[in-house]
Amino acid sequence: MLNRVRNNNNSCSWLLFVVRHYSRIQPPRPVSVEPVIRVSNNVARLDAPKEGPKPRQLLSLPPFPGHPLPAKSSTSDPGQRDYVTAVNWIKYYFKGAWGSVIESHFREGLVQMEDEVTADSYTQKENLMKPMRKIRPNEVMKHGARVHVPVSIAETRVSKRYDAIPCGTLYPNADEIKYLQRLVIYKDSAIIVLNKPPKLPVKGNLPVHNSMDALAAAALSYDYDEGPKLVHRLDRETSGILLLGRTKDSASHLQWLFTNINNAKSSCKAWNDACEATYQRYWALVIGTPKEKEGIIHAPLSKVLLNDGKTERIILANHSSVEPRQEAVTEFRVLGPKINGCSWVELRPLTYRKHQLRVHCAEALGTPIVGDYKYGWFVHSRWKQMPRIDIEPTTGKPYKLRRPEGLDVQKGSVLSKVPLLHLHCRELVLPNIAKFLHVLNNSSEELHSSLNQQPEVLRFVATMPSHMRISWNLMSSYLV
């Protein structure tokens, strides 16, 4: 009996040993990958190689139905052959997508096609397909051919009215629409004028999701099929008047006016006179005060790239430099004496270059705009350490700026620790494009009799944002 129990125990222990042995399955050995040398910040280190490109997700279009396409009439001449190219087939299928997006996929070789194979002596199967091949945009489509495109084309298949908003929600909500409509200070059949707040980008691009042009195109169309289009731009931190054209004709004529006034002129004398009267006036609070009370700045600008081309900076062009340069002219006028180390300046650009006013103030005048840390960081660091004492212009006695009781100075004003950019497009005078649009499109010299009562020039004035109003109120008693 004891031997039988011993035999059973031995058999159980043998089974447990066998189970335990086979349950320990080792994972497969990792694939040996030779490390590569990587250099960053002038430091070399061994690291794993980068992963290869991931397979691109392709979208299969339905088989080509043949010519003519459904719901599309054929307008070809009798002597020409009827056919449909690959780019026209994709544009037809993704109606509403930008043509430039589709053509860029062709240039990068991302569009592929597989042709249908008919049954023959070698195969009895139907609807067999050849391996996919890259195609060109002028490839002639055959009946039954199937095109494969990246999913990125399908993602752009939205209405052109909302294409400019690269975010999850393609249409602003009710609060955003009301907010944008409160910014409108003028609207007619040709233009819309907004008072742009600071910190709102004008031109949207990834990863910018909420830009002025995108929101205006979606929320300020009113009774038009398409939203308004930008005529000129303001920097992200700059506030003030922003002009948009409600139609393609009005936007194109006004864009010519802001680019080159000579190109915008026509045979109509009244329009030419109105173009000559066009100007913009900015108000800026600068650190220090210019040596001259008023004058004209003639300082061409050039662009340099920093951080391996990731960022750009505008500088005053060197006459001996071979880099491309752009003429830039700005009129300036000092509005009052220096108070608290700052003074108000009125700027009138005669040319419209990127960061023209900021560079001219910082480098040409030596007085950077308050809150412009890109072109005046060194002066800001010194300005913060300046004593807040100036000479009162009327009595000649030392004057110390006092904070009024109950005033909130933490909104980016001149007294806050980190002031916002104090640059505001306050005034704009431009031709009444709604009055001259019929004349410009028909290239005639006479206005319609019903339009003679309308003004030839429009003038707009925009109020300053809150942080600039606080700074203005602190120094308003000493302005002339």
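The values are calculated or read from the model by the stated rules, or taken from the named source; none is laboratory data. None of the values given here were measured: they were computed from a predicted structure. Please note: Cβ atoms are built from the backbone with ideal geometry, for glycine as well, and neighbour counts cover all protein chains shown. The accessibility values were calculated without ligands, DNA or RNA, using every heavy atom of the protein model including side chains. Shrake-Rupley method; radii C 1.70, N 1.55, O 1.52, S 1.80 Å.
The magnitude of the dipole of the stretch 226-352, with charges of +1 and -1 set on the Cβ of Lys/Arg and Asp/Glu and taken from the Cα centre, is near 120 debye. Take the Cβ atoms of R236 and K303, set R0 to 22 Å, and the FRET efficiency comes out at 0.80.
Accessible surface for I261 stands near 50 Å², nearest 10, in the context of the full protein assembly shown (1.4 Å probe).
What order do you get for 299-306, 464-471 when each peptide is scored by the mean count of other beta carbon atoms within 10 Å, highest first? Let's see the in-between values first.
Numbers: 299-306: 14.4, 464-471: 21.8.
Put in order of decreasing packing, that is 464-471, 299-306.
In this simple spin-label approximation, E346 and V329 carry label points 7 Å from Cα along the Cα→Cβ vector, and these lie 1.9 nm apart. For V457, the residues whose amide H sits under 5 Å from its own are N432, ignoring neighbours fewer than 5 places away on the same chain, with H placed 1.01 Å from N. Ranking of R333, R313, R246 by solvent-accessible surface, largest first: R333, R313, R246 (1.4 Å probe, protein heavy atoms only, all chains present).
With a threshold of 19 Å on the Cα-Cα distance, the over-threshold entries among K269/K435; K248/K269; K196/K435; K354/K374; K95/K178 are K248/K269; K196/K435; K95/K178. Taken along the Cα-to-beta-carbon direction at a fixed 7 Å, the label points for S381 and S267 span 6.2 nm. Across the protein chains, with a 1.4 Å probe defining accessible surface, the residues I296, I37 rank I37, I296 from largest area downward. Each Lys or Arg adds one and each Asp or Glu takes one away; over the other residues whose Cβ falls under 13 Å from the Cβ of Q181, this sums to +1.
How would you rank 351-359, 60-68, 106-114, highest first, on the average number of other Cβ atoms within 10 Å across their residues? All intermediate terms of the calculation are to be shown ahead of the outcome.
Details: 351-359: 19.3, 60-68: 14.2, 106-114: 16.3.
Top to bottom by mean Cβ count within 10 Å: 351-359, 106-114, 60-68.
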